[in-house]
1. How would chain A be classified by its alpha-carbon gyration tensor: rounded, prolate or oblate, with rounded meaning a/c under 1.5 and the a/b versus b/c comparison settling the rest?
2. Could you run the Karplus curve 6.51 cos²θ - 1.76 cosθ + 1.60 with θ = phi - 60° over the stretch B:193-204 and give me ³J(HN,Hα) per residue in whole Hz, x for Gly and Pro?
3. With only Lys, Arg, Asp and Glu charged, each at its Cβ (+1 for the first two, -1 for the last two), find how big the charge dipole of the stretch A:11-96 is about the Cα centre; round to the nearest 20 debye.
4. Rounded to the nearest Å, what's the spacing between the alpha carbon centres of the stretch A:120-162 and the stretch A:48-104? Just the number, please.
5. Averaged over peptide B:23-30, how many Cβ atoms belonging to another chain are found within 10 Å of each residue's Cβ?
6. Return a whole-number percent for the relative contact order of chain A, with Cα pairs under 8 Å and 6 or more residues apart as the contact set.
7. Quick one: which of B:79-85, A:67-73 comes out on top by average Cβ neighbours within 10 Å, and what's the full order, highest first?
8. Using the Cα centre of the stretch A:103-215 as the reference point, and only Cβ charges (+1 on K/R, -1 on D/E), how large is the resulting charge dipole? Debye, rounded to the nearest 20.
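The values are calculated or read from the model by the stated rules, or taken from the named source; none is laboratory data. Keep in mind that this is a model prediction, so the values were computed, not measured. Because the Cβ atoms are built from the backbone with ideal geometry, glycine has one as well, and the counts that use them run over all protein chains shown. The area values use the complete protein model at the heavy-atom level, side chains included, leaving out ligands, DNA and RNA. Shrake-Rupley method; radii C 1.70, N 1.55, O 1.52, S 1.80 Å.
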There are 2 protein chains.
Amino acid sequence: MVLSIAAVKNLELTLEDVGKGENMISAKSIGRLSLYRRLLISLKTRGEENVHSHKLASLGGVSPAQVRRDIMAVGYSGSPARGYSIDELVECIGRIIDHPEGQNVALVGVGHLGRAVLNYFRGRRPKLRVRAAFDNDINKTNRVLHGYRAHPVTQLAEIIKREKITVGIVCVPKEAAQDVANNLVDAGCRGILNFAPIPLRVPPGVYVEDIDITMSLEKVAYFARETAKEEEKTE
Amino acid sequence: MVLSIAAVKNLELTLEDVGKGENMISAKSIGRLSLYRRLLISLKTRGEENVHSHKLASLGGVSPAQVRRDIMAVGYSGSPARGYSIDELVECIGRIIDHPEGQNVALVGVGHLGRAVLNYFRGRRPKLRVRAAFDNDINKTNRVLHGYRAHPVTQLAEIIKREKITVGIVCVPKEAAQDVANNLVDAGCRGILNFAPIPLRVPPGVYVEDIDITMSLEKVAYFARETAKEEEKTE
DNA sequence: TAGTTACTGTGAATTATGTAACGTTGTGAA
DNA sequence: TTCACAACGTTACATAATTCACAGTAACTA
Ligand SMILES: NC(=O)c1ccc[n+]([C@@H]2O[C@H](COP(=O)([O-])OP(=O)(O)OC[C@H]3O[C@@H](n4cnc5c(N)ncnc54)[C@H](O)[C@@H]3O)[C@@H](O)[C@H]2O)c1
Ligand SMILES: NC(=O)c1ccc[n+]([C@@H]2O[C@H](COP(=O)([O-])OP(=O)(O)OC[C@H]3O[C@@H](n4cnc5c(N)ncnc54)[C@H](O)[C@@H]3O)[C@@H](O)[C@H]2O)c1
């Protein structure tokens, strides 16, 4: 049986529409889009107006085809001759990854790492506001650290609800991480960035991203040896 | 520690497999193995001697089949009835991801994040020793911070060669990151853990792992909205 | 205006990664 | 001892991610 091109196209379209959350972009793509946006803004400050996929690919350490595919996902189209308009592309990426009214963030565990993160995000992203910090150490609470006042964890639920916080950052020791995560979710958080070196259990509908520094360092150490070995053999 | 006959067999098998180097273990598997090892050690301190794949899977947030396949990659075999011996499995994972004599690590950029990382790894991993820290700010160098003395970056090449350092951690601002990476590679580093929010260019044979906290936070914020939306629709 | 060129957009092919299935095996019970 | 069974090891399969390849096109040239 031979189908016309139009028929095939229609079939695919209907299948797509019937499928689940129609155009749900993968976590990997979202991550790269966030990277592209930073690179684009950096290019813009250097006076560039347009950029080609291979330029962005080279800056981002990915393939040009990957860049084009990711950009396709946000629904933006460039011009074959001029490439992508930096302004428009930044705008389109923002339309996908930013919430129009912005989102509020809370950080729990104002230790070494927590303070570094607080300091870094202070006033940096207007659409992603760190609105509260918490700790259970009375020496750290009710003082202003890096421009943020750390509240006692006992007030966590109350403040998260009041400030409409939907994203939590977990910087507490691993023994406390699951409890903190449970409290964050109960209070209304739907996304957690977890620095504690254990996977968190959360109900469906809550997204967790783990940053496991120890694991990453062990990976680097392993491949520092292995890729070096591979190189030797080809010499 | 008493090794069974099975463990000795495993040792022989892994030595054979490592020698070839053609079927290299994926970065994802290495990462999970690092996680399994931590979980196993934690189980051991609670008095457990053996563990089944589904138990480890549940703790690690992965599927039992995944656990079995990762463990297959290190060349260890468990018993159908008792599962895996925790001691032996930790030993076999270490044989893959640790260097027998250990590896030396340097950290560049003793700012907020760099100090948090230094503090965290102090005396934690005997096979992964942070041997030197560097900064270009004279207010931070030649003082002892978190048990480490920070050297001026001008001494980077010399000290890295002298201390036989093969792994570098980059915690400097993004403007300086590529220069620092170049110096690390020139001095002999073959692996870099990069916290600066730009991809580093390195020659082949050098492995880079990026930890992009901003990107991760934006991902969390995005999926905090999107997965919540999906949930609503199914209600 | 027609030709040239270099880039985009996108289906198809390829590769990586994860899951399911199932024969195998060691252990404990009858 | 033999059987039943639960969990392993491995292969086959399924899905996700990435790259390839090329048609289509806007600018630029002469
Ligand atoms: N710093 C690093 O480089 C690094 C590397 C890998 C993993 N981590 C992980 O990140 C987390 C934080 O690391 P850190 O170096 O900042 O540790 P830290 O000890 O400096 O800070 C932990 C903070 O959490 C607070 N805390 C403890 N229990 C709490 C609770 N129940 N509720 C609220 N606050 C609580 C403590 O008071 C402290 O301020 C840990 O889980 C650690 O394993 C850190
Ligand atoms: N802290 C965070 O949460 C966070 C989040 C995302 C990204 N980062 C990235 O991590 C890196 C470090 O962040 P931070 O918060 O520690 O910043 P920081 O400013 O506190 O520390 C940077 C340190 O690097 C040193 N430095 C600058 N140039 C140098 C050079 N050429 N050679 C050696 N040392 C040099 C500075 O003296 C300073 O001590 C930055 O690239 C930042 O973008 C940090």
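1. It is prolate, given that a/c is not under 1.5 and a/b is the larger ratio.
2. 9, 10, 9, 6, x, 9, x, 8, 9, 9, x, x
3. 440
4. 33
5. Per residue, the number of nearby Cβ atoms from other chains is 3 on average.
6. 12
7. Per-residue Cβ counts within 10 Å, averaged per peptide and sorted highest first, yield A:67-73, B:79-85.
8. 640
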